[in-house]
Amino acid sequence: MSRTKQAERLYDAFSELVRRYQFRDRDQICCHGLSVSQCYTLDALASADSLTMGELADKLCLKISSATRVVDPMVERAWVRRVEDASDRRIRRVQATTKGRKLIGRVRADLVHEHEQVLRNVPPESREAVIQAMTDLLAALDARKM
């Protein structure tokens, strides 16, 4: 099979996977009072001590202004806070609060449980291969950015 045909098949499979995953996430996350963007933001912040707005925007694949629009209501809800950078007072960092970490913990637990349900429909001998293929695909996408 040609590389172009493989790329078309990858496009079709990946597009359908992303579409289903996003709609599933939207339903699941909204139950916790979070938008999908807020969920991704909290997840990024919970796995880091703190991030500058530029670092956060990069992780979310957003412009800084868009990331700021996501963060502002999260600050109001006390899920995240802005703090002064220890080495440069001009820089503001964003970090998840205890309330935000607990919230993303509940969301992640629900989503992991859902993934357990999905894995039940994948033959046990294929599960690691599926996970490795997705990891390889992510690495290939990252390499393409360079």
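The values are calculated or read from the model by the stated rules, or taken from the named source; none is laboratory data. Nothing here was measured: the structure is a model prediction, and the numbers come from that model. No Cβ is skipped: glycine too gets one built from the backbone with ideal geometry, and neighbour counts run over all protein chains shown.
Residues of the stretch 105-127 being of a type in the set (D, E, K, R), surrounded by 10 or more Cβ atoms within 10 Å (Cβ to Cβ) and without any contact (Cβ under 8 Å) to a residue 12 or more places away in the chain, which ones? Explain how you work it out, then say what you get.
At the first step, the residues of the stretch 105-127 found to be of a type in the set (D, E, K, R) are 106, 108, 110, 114, 116, 120, 125, 127.
Next cut, surrounded by 10 or more Cβ atoms within 10 Å (Cβ to Cβ) only: 106, 108, 110, 114, 127.
Across the stretch 105-127, the qualifying residue is only 127.
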- Query: Within the group 7, 86, which residue is over 27 Å from residue 141 (Cβ atoms), surrounded by fewer than 14 Cβ atoms within 10 Å (Cβ to Cβ), modelled with pLDDT under 95 and of a type in the set (A, V, I, L, M)?
  - Reply: 86
- Message: Can you tell me which of (1) more than 16 Å from the chain's Cα centre (by Cα); (2) surrounded by 14 or more Cβ atoms within 10 Å (Cβ to Cβ); (3) at pLDDT below 95 is the one residue 46 doesn't meet?
- Response: (1)
- Query: Going through the stretch 77-124 one residue at a time, which ones are assigned to a loop (DSSP other than H, G, I, E, B) and closer than 28 Å to residue 53 by Cα?
  - Reply: 77, 78, 79, 85, 86, 87, 88, 89, 90, 91, 97
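Can you tell me which residue among 28, 38, 95 is at pLDDT 95 or above, buried (at least 16 other Cβ atoms within 10 Å of the Cβ) and not acidic (Asp, Glu)? Steps first, please.
On the way: 28 fails: at pLDDT 95 or above; 38 fails: at pLDDT 95 or above.
None of the other options fit; the residue is 95.
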